[in-house]
Every structure is written in structure tokens, then in C-alpha cells.
Amino acid sequence: MKFEGSYQFPKSSSEVYSYISDLRRVSECIPDLKSLEIKSEDEALATVRAGIGFIRGDFNLRFNVTQRSPHTNLGYAVHGSGLGSGVDISITVQLEDLSTGGSTLSWVADTKVVGRVASMAQGMISSQAEKIIKQFFECLSQRLR
Amino acid sequence: MTEVPVIHGMGSAVKRKEDVRFIQGRDTYVDDISLPGMVYLDFVRSPYAHARIRSISTERAKGAPGVVAVITGKDLQPLGLDWIPTLSGDKMMVLPTEKVVFQMQEVVGVVAESRYAAADAVKLVEVDYEPLPVVTDPKKALEEGSPIVREDKRTNHVFHWEAGDREATDRLFEQADVVVGQDMYYQRIHVSYMEPCGCVAYYDSVKGTPTIWMTTQAPHVVRTVASLITKIPENKIRIISPDIGGGFGGKVYVYPGSIVAAVASIVTGRPVKWVNDRSDDHPSTAFARDFHMRAELAAKRDGTLLAFRVKAVSDHGAFFGDANPSKFPFGLFSICTGSYDLKAAFVEVDGAYTNKPQGGIAYRCSFRVTEAVYAIERLVDIMAHRLGIDPAELRLKNFIPPEKFPYRSVMGWVYDSGNYAGALRKAMEKIGYEELRREQEEKRKRGELMGIGISSFTEIVGAGPSHTFDILGIKMFGSAEIRIHPTGKVIARFGTRSQGQGHETTYAQIIAEELGIPIEDITVEEGDTDTAPYGLGTYASRSTPTAGAAAAVASRKIREKAKKIAAHLLEAREEDVVWERGRFYVKGAPAKYKTIQEVAFAAYTNHPPGMEAGLEAVHYYDPPNMTFPFGSYICVVDIDRGTGEAKVRRFVAVDDCGNIINPLIVDGQIHGGLTMGFGTAFMEEIGYDQDGNIYGANFMDYTIPTAVETPKWETDKTVTPSPHHPLGAKGVGESATVGSPAAFVNAVVDALWPLGVTHIDMPLYPWKIRRLLEEKGYALDK
């Protein structure tokens, strides 16, 4: 499943980059975060409460920053498991300064969900995954205003 | 002269004896069994369809409250139980040590004091997977460069199987005036029994005896295989199959749960219960069908059918576990010439491994007969439409005529008896076929969509004769052991196992018929390997043809001995003693008689000098041939041009299963089978996405018919006895599931044929039909 979107910020791309390349600050925007452990500049472990409908439970996720091109590009990989399921999300972020000031953040998230959640809630998973990812970027956009 | 009691023998529509306890909830299923100190097994299951296992950490689970054992594949390896043989000569993983090969595969077993503790601890097991490329399409699996499911095999190709005469068939196709062909997919479905799989395993370490109560259709086979694998002497292993809530082929298999539970009992010294919940059972136990075929039929312009050929790919999932007779890797698909007098036929099938659970269940079907019947019945209908001949007329023209029986088909089967035209004509008369065709014509003029579908199927059941049929070398006989107590009451034990078929009544009726003893006085037992005679179990409509025949022959052996005792009691010569149901009398003096009960008493108290005491017999029946039940089904559908829904207005089923033992049970079997066929045709399907995620994993997504959707079935019969079966019976458990899907599809395609629709793959979802109507510009939006 591929999701994408873009946001405009009054801040410059370097300011946005500085914020979103900091795993601790980015993690604050993960929906339903229960715990967070920063392992290094490029790795964090998180537990989130997630689910669809009545299928709810904890997911243990590992966040890695996979690509850093200052002011222009960032890549994240999220790998996790829970509820008899696995999730892998590959996120790429592109930043661009606007001639009118501020910047644009464009994101693409390639998401793969396997296991019980995927099989039991096949019809709902796409919209739910999109909802969670959008919540995350909405949160970021709020903080960067 | 005393009155002859009502015995409810052959042909009596007596209510089932076993239902007294079933309807009161007084039955005993595996999950009803509770033993002192029992613990519970649950599984960590793979979220991935294909992944290498980097590591498994069980430490947190082991420390969880109530956990008594955690079992991994590495624990099973030294015992040689990480893989076990399948019934098809392949092997299957019990618990993986290196990689998982389908989603929801059992990975680690967790045993705890309660179900809840086990389920909680399952979440604490950490498995690190490295996802691998997935293949769920069997055709792609057979392509070069496809991900290899079974590295031990180094190929996804399971087998290539052929039957028939390729050259003769091809020749007829070249000479034919008309050839029709169709690609068809018979979707993957689950048997959806009411009771999921489970077991209670208890290893008595003092006696060295494992006892396993399990949901199995073939307990003796399980015992033998278990002994061969574990080297535990077979006499020490006891498999008990208690009441079973439906099997339909799905409980012939032995699943990892039973193996791990048995090991866990040895490890913990306590009884271990494992019972799948629906969401575990549905996606991880074996499946049926999943069969891609290209079928072709050749004919003369006048409608004479000449030859049939099929090229197919069969999806077997990760393990080739079909419970087929050894000589038939693709079951009895070669019955595919069906009810027709063809000149040649040829079929070839390639089996493929994919990242799915094992397939190949003979789901209420005698080893791939359902697929075969579907193929020929669809193609005959397509041919009829292509030639502009009424589908009934084309069938009647090409049926094997009654005078040709016993009939040797071009595939080598010798059909025992049949009157196919008789069954179809009866169905046509009952449904008012000619009138329906006139109505259809009128409706077509008004733009309404009405379809009439016929399926005139021939089954092959009762596996089987020892010269041809075995499973793992064990011949497929039927067994019965009958003992009459001094008071004339009977205990009868069988090597089969009812899963709802009504054996306790049917077998009792056979014995009643043969010995003149009322069925109330006959206790039937099955399913306990310590007490029942060895048998291959119940599946493929084989119980009546094999064990039922054994019951008849064993009863006759008893009658022979009883006659000698009666002669002794009547002080007559044996040849002067005449049997009449329930009593022996002296020829010419019917008032001078002894009842079977009196004879039974004498067998223990006053038997002739030199004769062994007692009155009992055992018989292992080796059928001389298979039996060939048949029938004709006619379905009428009306299609809603707005929603695409195909509503079954009428369905007439005329079955012929030879002589009928209990009409009520036969009718029940047909009703159940038709409903399952209806589910297959209209709503059931297990699918997978590109990552191997299953959809249809439970009853939220996998729809089976309820009383609301199920049409009203109109049943009738013809009776063409089997000439070789001691009772003239043929078996009926699967006829309706086998025969009906083609009737439903034929009806829907018949309705849509004028629009240029030649085929729709099952299930016939309304959205599929609606889409076709849109494509043809025939859909209504209001």
C-alpha cells in the first residue's frame, strides 16, 4: 500500500529538516505512543497501541533513519510486530524551499502489513493505515507552524 | 406365535439414534474432555507467508505466570518430530526451525495452566523474521525463477499425473466438427466444520502409553503412523475419536497441534489440551480445491460427444498432504468423463507448492471427483449452447445407456450400474422443465434474466478394492465386529468414524435387517483404536460401501452359526431350518421356531456339542469394485439486473444411491450437501494477496450459507442397486456437494448466454454478475 501527501510550512527546509531528523521530536507525533527508547541518533524503539475495530493491541516498532540528505531528503524505515502481525513502512520525505518563503514537505509511505490484522481486516486496513500515517504528518505539520 | 417386533431395518425412515444426545447437548466432543491436571496449548503463528527465522526468544514467555512449557521446532528436532510424513508420501513441518512457509503457520507452542495464560504468553515469544519473496499463484510457482517454497525439494513442482489416451483423444479432437474449451478456476475453500480441530493428549509415563482424544476421521491410521514415527509400540498407543462436529475431509489430516500436544504431555507429565479457535483453524488447516483447469470437449455437429481433455494445475500449498489412495496422486479425477459415453479422454495435472497451507482435502468429495464433475458438466452445457441444442437433450443423447452396464469407461473405470436418463427425466418432470423453458423464452423477450442449469453427475465412491486402493500401503477395506450378548442385545464396532453422518443408526439398521434384531437393541461404537476393528476411517463416501458391507457380511456369518444353534434347539436338520427376519423355523412348520434372541441365549448356555460358544463375527470387507452413485440436478435462477444477484428460485435434486438404508438420513445428507454446494457456488472463497495475507480467514470474511440464504431443496430419487454391494447400496454422503455447483453455475450462465457470457468462475458474487451486465450494457441502475 502506497500513501502520499504534502504540506507547506512557513519555516525553511533547513529548519524543517532539523526538526524531522531528530528521532526524539519526530516520535512525539507517533499516534498512540506508549513508550519510547532512543537507541541512537538513527534508531528508536517504540511501543504503540494500534488496531482496527475490535482487533487492538500493542505493536513493538523499530524506527530507523535510513537516509539523510541535509535540507532535502530523509528516509525512515519502520519495522514492527504485534497482534500476530508484522508491519513494514518505508517513508521518504522530500523538502523544498518555496520562492515565496517557507517550504514544502512531500512524503511517500510504502506500507506492508502482514499477519492476523491484515487477514482479518483486509477491507479496512488500507484506510486505517492511511489514517495513522496522516495523523503522524498532521502532527508534524502542526508543530512546524 | 409371537409378534415380530418392529426392527427398523433397510428402508426405514427412523430418526437417528444419536440425535437424542446431540439435541440435548449430551454429546462429548474433544473440548468437553477434562482430565485432572490438564494444561493448555496455544501457538505463536507466523504473520509472514514466507520468511526465514533469524531467531526465536522464548525467555519472557517461559517466565510468564502459569506457563509450564514452551516448545519450538528445535525441541522437536532430536525426537525426529519437527517434520512428519504426509499421507501422500511428502512431509510437513510440525514446527519450523529455519523458515515459515505460510501465514498463520504454527511456530512455537506455549503450554500453560489455563487457556488465557497460554494465549497471554504467546504474545511474549519474540520471533525475528527475515521476509522472503512470496508465491501464492500455482502457475507462477511453476515458472522459472519463482521463489522456492520447499528448499528441501528445490522445486515447486510436486507431481505430473496423466490418465487416459492422449493420442486417441487428440485424434478425435482433430476430427470433430465442434470443439469447445473453457478456462476455469475452482476456488480454494475451507470445509468450515462446526467444531475446529483439537486434541487432548495424555502420556502415562508409568505405563508408557500415550492416549490422544482427537478430532480425526481415521483414528487407526493415525495410530499406525504415530507408532512408525515414534517407535512407540502400536499396542501402547490409543487414539480416541469422540463425537466430531463435522469433518468433510478436513479431519483426515494430522495437524501440528496434535503432535506438539503429545510431546508437551511427555515433557510436562500432564494431559495437554489443544483446541483451535476459528481464527486459528480457518487459515492454518488444510483446504480443498484450488484448481486451475483448461477443459475441452469435442463433438459431432449432431451433438454426439466424442472426447474430453483437461490440462490443469493444482495448488497444494506448502506440503503435499492429500489423503489420496497411493496410486492416485490426483485422486479419482479420471472419473471426468462422467455420465457420458465418450470415445476417448485424456487428463494431465501438475501439482505446485505455494506459500499457503496444504490443500487437497477431498471436501465432501471422493478424491477430486467434485472438480471432475464440475469440468465435464460445465463443458457439456457450453457445448449444448454452442450447438443450439437444449442442454437436457444433449445429455439424454449422450448418456451411457442402462443396457451398457457394467460399463467400462475410456478411463478404465467399470461403472457398476446406472440409469442416467431415468434420473434426468424424473428431475425434468418434477421441475416442469418444458414449461420453464417456455417461461424463459417469454422472459427473455421482456429483457428478464432467467436461467436453467442442469448437472447430471456420476460419482465414484467406496474406496476401495485392495487390488487398486491403499493409503501408505494399508488396503482400504471396511471392517465390522459384531457380538450378540446372551440376552440378544448387540454391540457392533467399526473401523470408520462418523462425524455426523448417522452411522449409529445406519449400521444398526443394516444389522437389524440381517439379524432381525430391533435397532434399539444394537449399540454401535466407532473411533476407539483399543476396541474397534482396524479400519481406514470415514471419508469419500466410503462407510456404507465398505463398513456397511462388512456389517452385512459379518451379520450373515453370525446368522450361519445361529442357524446351526437353531437346528440344535429345534431338533431339526440344519438344511430344514428356514430363516425369516428375526427367527428360525422348521421348513413346513412355521409355528415351530426360535427367535434370534433365544438362539443368542443358547449360544452361551446350550450350544451344540463341539461348537464354540458365543455368537459373534468379524469381517474385513474387500469391495470388488467401487460404487457409482449418480443423479440429476436442475436449478432455476432469476438474475436481478440491478444488483447482479442470482436468486435460486427452484432446485430439484434426483439422486440415485442404490438401495437406501434410511431415507431420512439420505435426505439429510442431500440437503446438507446441496447447501454446501450452494455456498461454494455463490459465496465461499479463500484468497491471498501478493504478500500471502489470507482473506477469508474467519467467518467475518468467509461467508457460508445460513437458513436465510439457503434455497428450498426439492429432493427425489431413483433406485438402481449396486450389483456387487451386499446390500445394493452405493453411498450418498458427497453426491450433492459434488453434483450441485455445476448446476448453479450452468443456471447463471444459461441466463446470461444470450448476452455472450460463456463462463463465470465461482463464487458467483453479485458484483461479478453486475460487472458483466455493465460490460454487456445490460445492467439496470434503478
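Points to keep in mind about this one:
Let's see how each residue does on (1) open to solvent by 20 Å² or more (accessible area, probe 1.4 Å); (2) not in a helix (DSSP H, G or I):
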| site | (1), (2) |
| --- | --- |
| B:PRO210 | no, yes |
| B:TRP213 | yes, yes |
| B:GLN217 | no, yes |
| B:VAL225 | yes, no |
| B:ILE229 | yes, no |
| B:ILE244 | no, yes |
| B:SER258 | no, no |
| B:SER265 | no, no |
| B:ASP280 | no, no |
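- Of the set (1) more than 26 Å from B:VAL14 (Cα to Cα); (2) surrounded by 18 or more Cβ atoms within 10 Å (Cβ to Cβ), all apply to B:ASP622 but (2).
- Filter result for the condition that a residue is within 14 Å of chain A (Cβ to nearest Cβ), in a loop (DSSP other than H, G, I, E, B) and touching a residue at least 24 places away in the same chain (Cβ under 8 Å), over B:THR758, B:THR703: B:THR703
- Filtered residues of segment B:678-695 (kept if open to solvent by 10 Å² or more (accessible area, probe 1.4 Å), of a type outside the set (A, V, I, L, M, F, W, C), in a loop (DSSP other than H, G, I, E, B) and out of contact with any Gly (no Cβ under 8 Å at 6 or more places or on another chain)): B:ASP689, B:GLN690, B:ASP691
- Counting only strands (runs of 3 or more DSSP E) that fall entirely inside segment B:79-170 and contain at least 1 residues that are farther than 30 Å from B:SER34 by Cβ and either under 33 Å from the mean Cα position of the chain (by Cα) or not hydrophobic (A, V, I, L, M, F, W, C) (or both), the qualifying elements are B:83-85, B:91-93, B:126-131, B:157-164.
- Among the residues listed as B:ARG641, B:ARG649, the single one being under 30 Å from B:LEU752 (Cβ atoms), away from chain A (no Cβ under 14 Å), out of contact with any helix residue (DSSP H, G or I) (no Cβ under 7 Å at 6 or more places or on another chain) and open to solvent by 40 Å² or more (accessible area, probe 1.4 Å): B:ARG649
- Checklist (1) within 14 Å of chain A (Cβ to nearest Cβ); (2) closer than 22 Å to B:VAL252 by Cβ applied to B:SER88, failing item: (1)
- Evaluation of B:ARG52 against (1) in a loop (DSSP other than H, G, I, E, B); (2) open to solvent by 10 Å² or more (accessible area, probe 1.4 Å); (3) in contact (Cβ under 8 Å) with a residue 40 or more places away in the chain (one fails), failing number: (1)
- Selection count, segment B:460-477, where residues are among the hydrophobic types (A, V, I, L, M, F, W, C), open to solvent by 10 Å² or more (accessible area, probe 1.4 Å) and within 18 Å of B:ALA226 (Cα to Cα): 2
- Looking only at residues of segment B:555-601 that are of a type in the set (D, E, K, R) and outside any helix (DSSP H, G or I), we find that the one that is least open to solvent (accessible area, probe 1.4 Å) is B:ARG583.
- Only one of the numbered conditions (1) farther than 12 Å from B:PHE682 by Cα; (2) of a type outside the set (A, V, I, L, M); (3) exposed (fewer than 15 other Cβ atoms within 10 Å of the Cβ) is not met by B:GLY731, and that is (3).
- Any chance B:ILE361 is surrounded by 24 or more Cβ atoms within 10 Å (Cβ to Cβ), closer than 20 Å to B:ASP165 by Cβ, in contact with a strand residue (DSSP E or B) (Cβ under 9 Å, 6 or more places away or on another chain) and not acidic (Asp, Glu): no
- Taken over segment B:324-339, the criterion of being crowded, with 24+ Cβ neighbours inside 10 Å, touching a residue at least 60 places away in the same chain (Cβ under 8 Å) and not polar (S, T, N, Q) is satisfied by B:PHE330, B:LEU332, B:PHE333, B:ILE335, B:CYS336, B:GLY338.
- Some residue of segment B:671-686 being touching a residue at least 12 places away in the same chain (Cβ under 8 Å) and either over 29 Å from B:ASP750 (Cα atoms) or over 21 Å from the mean Cα position of the chain (by Cα) (or both): no
- In the set B:LYS356, B:LYS327, B:LYS343, only one residue is over 18 Å from the mean Cα position of the chain (by Cα) and modelled with pLDDT under 95; that residue is B:LYS327.
Results for (1) among the β-branched types (Val, Ile, Thr); (2) open to solvent by less than 30 Å² (accessible area, probe 1.4 Å), shown as yes or no for each residue.
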{"residue": "B:GLY668", "(1), (2)": "no, no"}
{"residue": "B:ALA697", "(1), (2)": "no, yes"}
{"residue": "B:THR703", "(1), (2)": "yes, no"}
{"residue": "B:THR710", "(1), (2)": "yes, no"}
{"residue": "B:VAL719", "(1), (2)": "yes, no"}
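Condition check ((1) open to solvent by 30 Å² or more (accessible area, probe 1.4 Å); (2) not hydroxyl-bearing (Ser, Thr, Tyr)) across all residues:
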{"position": "B:THR496", "(1), (2)": "no, no"}
{"position": "B:GLU504", "(1), (2)": "yes, yes"}
{"position": "B:ALA512", "(1), (2)": "no, yes"}
{"position": "B:PRO518", "(1), (2)": "no, yes"}
{"position": "B:THR523", "(1), (2)": "yes, no"}
{"position": "B:GLY548", "(1), (2)": "no, yes"}
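The rows are residues; the columns are (1) at pLDDT 95 or above; (2) closer than 26 Å to B:THR72 by Cα; (3) buried (at least 18 other Cβ atoms within 10 Å of the Cβ).
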position	(1), (2), (3)
B:PHE102	yes, yes, yes
B:VAL135	yes, yes, yes
B:VAL149	yes, yes, yes
B:GLU174	yes, no, no
B:ARG188	yes, no, yes
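- Only one of the listed residues (B:GLY317, B:GLY321) is at pLDDT 95 or above, open to solvent by less than 10 Å² (accessible area, probe 1.4 Å) and closer than 30 Å to B:ALA119 by Cα. That residue is B:GLY317.
- Note on segment A:1-120: enclosed strands (runs of 3 or more DSSP E) holding 3 or more residues that are open to solvent by less than 60 Å² (accessible area, probe 1.4 Å), at pLDDT below 95 and not hydroxyl-bearing (Ser, Thr, Tyr) are A:2-9, A:43-52, A:55-69, A:73-82, A:85-97, A:103-115.
The values are calculated or read from the model by the stated rules, or taken from the named source; none is laboratory data. These numbers come from a predicted model, not from an experiment. Cβ coordinates were reconstructed from backbone atoms using ideal geometry, including for glycine residues, and neighbour counts include every protein chain displayed. Surface areas here come from the heavy atoms of the whole protein model, side chains and all, with no ligands, DNA or RNA. Shrake-Rupley method; radii C 1.70, N 1.55, O 1.52, S 1.80 Å.
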